[in-house]
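**Student:** I have a structure I would like to understand better, so I am pasting it below and will then ask my questions one at a time.
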Amino acid sequence: MKILPTKMLKPYNSFSIDENAELIIEAETTQDLIDIWSSEKYSKSVKLPLGRGSNTLFCGPFEGIVVLNRLLGKEVEEKGNDYLITVASGEDWPSFVEWCVDHDYYGIENLAMIPGCVGSSPIQNIGAYGLELKDICESVEYLDLNTLTIKKLEHSECRFGYRDSIFKQELKDQVIITAVILRLSKIWQPLLSYGPLSQFNATSNTAKDIFLKVCEIRSNKLPDPRLLGNAGSFFKNPIISNDHYCLLKEKYPELPAYEFGENKKIAAGWLIDNAGLKGFQINDASVHKDQALVLVNNGNATSSDILSLANHIKTKVYELYQIDLEHEVRFYSGSKETSLTELF
Ligand code: FAD
Ligand code: EPU
């Protein structure tokens, strides 16, 4: 393990929020994690595992130890027409996807360019362009923080949902994901259901073509956190009843919605955009000018600027559409996780 000489969290969260932790440690092995969690020295401190901090907002100084996940390694096993790939949780997700595409391990290409670590991917069941982690996840290996032993959950036990899993529910704060086992295919079968991908021809286009197209769409739509601090979609797309949707649709015929079981999933970006909030700014925090679901730090935004902006959006959206937006980004205040509802 490496105890970092800095306490500054700014380089370790994609919003580039300038807050400190009590201590920052890099864990390179599972044994490091066990040592940190069992150490007498650190026993009085809360410990927070962090990947790349690309779905995290520090709402003040973190009163505890931030443990950066740097567990590395990949193993590939052939299983008939599939590959089972065991990936250590600290591997970089976007680099891993590119590596799979370059090795002809098919079925992951739509999830290109999602910032973060592999170990964070099952937590909110990352998704984009018609594919979710759950579609390729075989199992998840974790360190049980109560017993400090390694355990495994099969796909069906992970309770994956839209931006949700058991790791955000019953197992929250109880485990550290140490590896993710993915099932990819030897047989190329593109997933082209998402709008801009439907122009592709399933037979003549390669996995690399789709990968590059997804990268192109994302680069045009989403700000690069290295240049403009952000955490991707700030809010989840809300799920509302059909009746509620029909009422809204009468008033807003353009409202984009997708089938979601018996309900409808609504595009939160459209709701915010249609409320006239694109570009809206509070101090150095603003709603992104091209993608209203993304809040950005224009350089010197504080967490309270981001939170005030988020709360303003949530209030406006409720007033206009009677929809209660839920944030996707995870908030930490003091030594605990918190939420907009708790803070305002
Ligand atoms: P972090 O922010 O470091 O951690 C997130 C949470 O998981 C925290 O609560 C942390 O304590 C916990 N955690 C981290 N690692 C572990 C572990 N090993 N064990 C247990 N708990 C852990 N998301 C999508 O789903 N789809 C997208 O298309 C998408 N696009 C994005 C685009 C941009 C520009 C950005 C900045 C973000 C985007 N996101 C997207 C959100 C983000 O990329 C994902 O949520 C990603 O999985 C976060 O990974 P991370 O390692 O940075 O997580
Ligand atoms: N829209 C607007 N104005 C905006 C933004 C979007 O009108 O400012 C409309 C679009 O025109 C489109 C609809 O809203 O009709 C949906 O937009 P888009 O396809 O860009 O997707 P999204 O709902 O904004 C979701 C995910 C993204 C994921 C993309 C692609 C959530 C919360 N977000 O965004 O995930 O990359 O679809 O699949 O589900 C993330 O989770 O951080 C994330 C970036």
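**Student:** Please enumerate the residues belonging to region 158-189 that are among the aliphatic types (A, V, I, L, M) and either free of Cβ contacts under 8 Å to residues at least 40 places away in the same chain or in contact with an Asp or Glu (Cβ under 8 Å, 6 or more places away or on another chain) (or both).
**Tutor:** Ile166, Leu171, Val175, Ile177, Ala179, Val180, Ile181, Leu182, Leu184
**Student:** Sticking with this structure for a sec: Hey, can you tell me all the residues within region 163-208 that are outside any loop (DSSP other than H, G, I, E, B) and at pLDDT below 95? Full working, then the answer.
**Tutor:** Step one: filter region 163-208 for residues outside any loop (DSSP other than H, G, I, E, B), giving 164, 166-168, 175-185, 195-197, 207-208.
If the condition is that a residue be outside any loop (DSSP other than H, G, I, E, B) and at pLDDT below 95, then Gly195, Pro196, Leu197 are the ones that fit.
**Student:** Just checking, how many residues over region 46-56 are assigned to a strand (DSSP E or B), more than 13 Å from ligand 2 (Cβ to nearest atom) and open to solvent by less than 40 Å² (accessible area, probe 1.4 Å)? Break it down stepwise before answering.
**Tutor:** In the first step, residues of region 46-56 are kept if they are assigned to a strand (DSSP E or B); the result is 47-50, 56.
Of the ones still in play, those that are also more than 13 Å from ligand 2 (Cβ to nearest atom) are 47-50.
Those left that are additionally open to solvent by less than 40 Å² (accessible area, probe 1.4 Å): 47-48, 50.
Residues meeting the conditions: 3.
**Student:** On to the next question. Out of contact with any Asp or Glu (no Cβ under 8 Å at 6 or more places or on another chain) and more than 9 Å from ligand 2 (Cβ to nearest atom): which single residue out of Ala301, Ala257, Ala268, Ala285 fits that description? Even if it seems obvious, please write down each step before you answer.
**Tutor:** Working: Ala301 fails: out of contact with any Asp or Glu (no Cβ under 8 Å at 6 or more places or on another chain); Ala268 fails: more than 9 Å from ligand 2 (Cβ to nearest atom); Ala285 fails: out of contact with any Asp or Glu (no Cβ under 8 Å at 6 or more places or on another chain).
Answer to the selection: Ala257.
**Student:** Quick check on Val329: is it within 15 Å of ligand 1 (Cβ to nearest atom) and touching a His at 6+ places or on another chain (Cβ under 7 Å)? Please lay out each step first, then the result.
**Tutor:** Details: within 15 Å of ligand 1 (Cβ to nearest atom): yes; touching a His at 6+ places or on another chain (Cβ under 7 Å): no.
No: the conditions fail for Val329.
**Student:** In region 119-134, how many residues are open to solvent by less than 10 Å² (accessible area, probe 1.4 Å) and within 20 Å of Ala207 (Cα to Cα)?
**Tutor:** Residues of region 119-134 that are open to solvent by less than 10 Å² (accessible area, probe 1.4 Å), as a first pass: 119, 121-122, 125, 133.
Now narrow it down to the ones that are within 20 Å of Ala207 (Cα to Cα): 133.
Looking only at that region, the number is 1.
**Student:** Moving on to the next point. When region 57-95 is examined, which residues are found to be open to solvent by 20 Å² or more (accessible area, probe 1.4 Å) and over 19 Å from Val140 (Cβ atoms)?
**Tutor:** Residues satisfying the conditions are Cys59, Pro61, Glu63, Glu78, Gly80, Asn81, Pro94, Ser95.
**Student:** Also: Cβ-Cβ distance below 7 Å, separation of 6 or more or different chains: which pairs start in region 51-74 with a residue that is assigned by TED's automatic domain parsing to the domain that holds Pro11 and more than 19 Å from Thr338 (Cβ to Cβ) and end on one that is within 16 Å of ligand 2 (Cβ to nearest atom) and open to solvent by 20 Å² or more (accessible area, probe 1.4 Å)?
**Tutor:** Gly51/Ser120; Arg52/Pro115
**Student:** Among the residues of region 134-143, is there at least one that is away from ligand 2 (no atom under 16 Å from the Cβ), free of Cβ contacts under 8 Å to residues at least 24 places away in the same chain and not basic (Lys, Arg)?
**Tutor:** Keep residues of region 134-143 that are away from ligand 2 (no atom under 16 Å from the Cβ), which gives 137-143.
Those left that are additionally free of Cβ contacts under 8 Å to residues at least 24 places away in the same chain: none.
No, region 134-143 contains no residue that is away from ligand 2 (no atom under 16 Å from the Cβ), free of Cβ contacts under 8 Å to residues at least 24 places away in the same chain and not basic (Lys, Arg).
**Student:** Mind checking which residues of region 135-160 are open to solvent by 20 Å² or more (accessible area, probe 1.4 Å) and over 19 Å from Gly90 (Cα atoms)?
**Tutor:** Within region 135-160, Asp135, Asn146, Thr147, Glu154, His155, Ser156, Glu157, Arg159, Phe160 meet the criteria.
**Student:** Please count how many residues of region 96-113 are in a loop (DSSP other than H, G, I, E, B), buried (at least 21 other Cβ atoms within 10 Å of the Cβ) and among the hydrophobic types (A, V, I, L, M, F, W, C).
**Tutor:** 2
**Student:** For Asp243, state whether it is within 16 Å of ligand 1 (Cβ to nearest atom), open to solvent by 40 Å² or more (accessible area, probe 1.4 Å) and either closer than 18 Å to Ala310 by Cβ or at pLDDT 95 or above (or both). Can you show your working first?
**Tutor:** Values: within 16 Å of ligand 1 (Cβ to nearest atom): no; open to solvent by 40 Å² or more (accessible area, probe 1.4 Å): yes; either closer than 18 Å to Ala310 by Cβ or at pLDDT 95 or above (or both): yes.
Against the criterion (within 16 Å of ligand 1 (Cβ to nearest atom), open to solvent by 40 Å² or more (accessible area, probe 1.4 Å) and either closer than 18 Å to Ala310 by Cβ or at pLDDT 95 or above (or both)), Asp243 does not qualify.
**Student:** If you check Ala267, Ala257, Ala285, which single one turns out to be among the small types (Gly, Ala, Ser) and crowded, with 21+ Cβ neighbours inside 10 Å? First the steps, then the outcome.
**Tutor:** Values: Ala267 fails: crowded, with 21+ Cβ neighbours inside 10 Å; Ala257 fails: crowded, with 21+ Cβ neighbours inside 10 Å.
Checking each option against the conditions leaves just Ala285.
**Student:** Could you please tell me which pairs satisfy a Cβ distance under 9 Å, a separation of 6+ or placement on different chains, a first residue in region 190-210 that is farther than 19 Å from Lys221 by Cα, and a second residue that is of a type in the set (A, V, I, L, M) and modelled with pLDDT under 90?
**Tutor:** Pro190/Ala202
**Student:** Which residue is nearest to the chain's Cα centre (by Cα), if the candidates are limited to region 299-333 and must be open to solvent by less than 20 Å² (accessible area, probe 1.4 Å) and farther than 15 Å from Phe15 by Cα?
**Tutor:** Leu325
The values are calculated or read from the model by the stated rules, or taken from the named source; none is laboratory data. Note that the structure is a prediction, hence the values are computed from the model and not measured. FYI the Cβ positions are ideal-geometry reconstructions off the backbone, even for glycines, and counts take in every protein chain you see. What goes into the accessible areas is simple: the full protein's heavy atoms, side chains included, and nothing from ligands, DNA or RNA. Shrake-Rupley method; radii C 1.70, N 1.55, O 1.52, S 1.80 Å.
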